[in-house]
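The values are calculated or read from the model by the stated rules, or taken from the named source; none is laboratory data. Since the model is a prediction, treat every value here as computed from it, not as a measurement. Cβ sites come from the backbone with ideal geometry, for glycine too, and all protein chains shown count toward neighbours. The accessibility values were calculated without ligands, DNA or RNA, using every heavy atom of the protein model including side chains. Shrake-Rupley method; radii C 1.70, N 1.55, O 1.52, S 1.80 Å.
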Amino acid sequence: MHPFEYLRPRDLAAAVGESATGNYLAGGMTLLPSMKLRLTSPEKLIDLSGLPDLVGIQADSAAVVIGAMTRHAEVAASAEVRRLIPALAALAGGIGDPLVRNRGTLGGSLATNDPAADYPGALLGLGGTVVTDRREIAGDEFITGMFSTALEPGELIVRVKFPVARRAAYVKFPSPASRYAMVGVFVAETATGVRVAVTGAAACAFRLTAFEAALQKAFAVESLEGLGVSGDGYNQDLHGSAEYRASLVPVMARRAVAAALAR
Amino acid sequence: MTVDVSLQVNGKAVSAAVDPRTLLVELLRQQLKLTGTHVGCDTSQCGACVVHVDGRAVKSCTMLAVQAEGSSVVTIEGLAQGNTLHPMQEAFRACHGLQCGFCTPGMIMSAVDLLQRNPNPTEAEIRHGLEGNICRCTGYQNIVRAVSTAAAKMRGDSAAA
Ligand SMILES: Cc1cc2nc3c(=O)[nH]c(=O)nc-3n(C[C@H](O)[C@H](O)[C@H](O)COP(=O)(O)OP(=O)(O)OC[C@H]3O[C@@H](n4cnc5c(N)ncnc54)[C@H](O)[C@@H]3O)c2cc1C
Ligand code: FES
Ligand code: FES
């Protein structure tokens, strides 16, 4: 790791004020390993853990609002999240391993937007909204590409709003080594229609409109009969080919619908 | 440039001047000479470096020492009461839950955290709860047995082995 200056500001404006020359540090589960590998070498780390506005979970019957610094383990264990959006609690409880969940945060995960990360699936699948220090960004606009988001330089995620779905489920086929998603599918029947989001398969999470239309007619596993994906441009790596990932998508989608119906 | 950091380690107040890049595990092993916490991979994969920070198990190779400012840290050295091993340590010994022992400090710290949240885990829950800890020797069977034995003991089941 190259040397850096370390700051732990006490208020949000101070944190954002330092961002021109620094990087935010949340759980450090992605940033610190990349700094060790010198893939990134910030001059200054702005630790977000001293900012009270960024932690905690607020919920009402319409939405669950989660602070950016809320750890995956807290989301997984939250009685409110488990009651209102059990699929989201289960998703958080399946990220990495318990040690990663004890440090990693919602804001850090979405800001990174790893192609195989789980939370981007929930953001698209539930039609969530990212609230930053300067604006609100709809989930559909937030995710823009591989490791890329609509965040401007220095823009800080403060919290994320997840609307409560009538029913929802997330099923992933985890990489056995890291438990990142080879393919994960988030299915939700929301107030504005059925949403189906896929993560892990391609450069970034995306929606499957053909699957959504089929489930909109009838929210049942049979509705997905015969539906598949071409796999064009899907990820290929040592864990699996693009064809393999393409074959996993409909399987995970059917399992997710079955799981949503079983809730 | 150094930063002053103050924390509790195994119940004792500790202060140190550290370069901000110092990892928590480096502070523990190199400055405080608490070498029970191991470094296996240094890439957040293996769990050999697990310690408790404010009651939660974390990988100390993936946390800066300065991030532990004001925290209470417990390492493997902090579990035993004098010469009496913690029930989890005792169960690992009795069940042969280790061979080379390299993964063991992290394994035990993760297992203790697991039981704090779930005092009566099923075998599947134990395996899921230890997913962040890799052992290259035992094949895990005796580790799982040790954790369920310790769980029974800590719950006070008289039938416990
Ligand atoms: C072994 C291992 C397994 C994992 N498995 C999974 C998995 O199965 N699924 C999964 O989804 N993830 C997985 N992860 C990633 C994990 O969820 C990380 O916690 C997450 O990607 C990053 O969150 P963080 O809080 O640690 O962020 P950090 O590492 O602290 O930061 C990451 C990036 O986000 C930026 N950032 C952080 N917070 C904010 C904010 N509020 N606003 C703007 N920018 C911000 C930082 O500047 C940095 O660039 C795994 C990680 C490890 C080490
Ligand atoms: S040494 Fe920390 S996870 Fe391997
Ligand atoms: S006992 Fe050797 S690595 Fe686990």
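Here are the numbers:
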quantity	calculated
Selection of GluC sites (Glu not before Pro), segment A:24-101, meeting DSSP coil and at most 14 other Cβ within 10 Å	A:E43
Computed helical MRE - 222 nm, the protein assembly as shown, DSSP H runs ≥ 4 contributing -39500 (n - 2.57), nearest 500	-8500 deg cm²/dmol
Residue-normalised accessible area of segment B:87-155, given per residue in Å² at a 1.4 Å probe	47 Å²
Under the span-like rule (Cα at least 20 Å along the axis, Kyte-Doolittle mean at least -1.0), DSSP H helices of chain A	A:242-262
Chain A, accessible surface, carbon-and-sulfur percent (1.4 angstrom probe)	53 percent
Spacing of the two label points (7 Å from each Cα toward its C-beta) at A:T192 and A:Q216, in nm	1.3 nm
Accessible area expressed per residue, segment B:3-78, with surrounding protein chains retained (probe 1.4 Å, Å²)	37 Å²
Angstrom value of the Kirkwood radius, inverse mean 1/r, which spans all Cα pairs in segment A:167-262	13.2 Å
Fraction of the pair-distance distribution of segment A:72-217 above 20 Å, Cα-Cα pairs, percent	43 percent
Shielding of B:53-66 by partner chains, average beta-carbon count, 10 Å	5
Computed E for B:T43/A:R83 - FRET, C-beta separation, R0 30 angstrom, nearest 0.05	0.20
Order by protection proxy (mean Cβ within 10 Å, highest first), peptides A:171-183, B:56-68, B:74-86	B:56-68, A:171-183, B:74-86
Cα-Cα P(r), segment B:1-121, percent of pairs per 10 Å interval	14, 46, 31, 8, 1
Accessible surface buried once B binds A (1.4 Å probe; total of both sides; Å²)	2200 Å²
In segment A:25-81, the trypsin sites (Lys or Arg not before Pro) that fall in loop regions by DSSP, at most 16 other Cβ within 10 Å	A:R38
Cysteines, the protein assembly as shown, no other Cys beta-carbon under 4.7 Å	A:C204, B:C95, B:C100, B:C137
Translational diffusion of segment A:1-140, µm² s⁻¹ [Kirkwood Rh, Cα pairs; Stokes-Einstein; 37 °C; 0.692 mPa s]	209 µm²/s
Kirkwood Rh in Å, taken over all unlike Cα pairs in the protein assembly as shown	22.5 Å
Carbon/sulfur fraction of accessible area - segment B:3-100, other protein chains in place, 1.4 Å, %	46 percent
With all protein chains modelled, accessible area of B:D4 [1.4 Å, Å²]	120 Å²
Surface accessible to a 1.4 Å probe, per residue, for the residues of chain A, Å²	40 Å²
Per-residue SASA entry for B:Y140, accessible area with 1.4 Å probe, Å² rounded to 10	80 Å²
Dipole in debye (nearest 20) - segment A:167-262, about Cα centre, beta carbon charges: Lys, Arg +1; Asp, Glu -1	280 debye
Mean projected area (nm²) of the alpha-carbon convex hull when segment A:159-204 is viewed from all directions	4.2 nm²
Separation of the A:F147 and A:R166 label points, Cα + 7 Å toward Cβ, nm	4.1 nm
Over chain A, relative contact order from alpha-carbon pairs under 8 Å, at least 6 apart, %	15 percent
Span-rule helices in chain B, defined as complete DSSP H runs reaching 18 Å or more along the axis (Cα) with Kyte mean at least -0.5	B:104-117, B:141-155
Largest to smallest principal axis extent of the C-alpha atoms in segment B:90-161, angstrom	32, 22, 18
Reduced Cα scattering model of segment A:1-52, Debye log10 I(q)/I(0), q = 0.29 Å⁻¹	-1.14
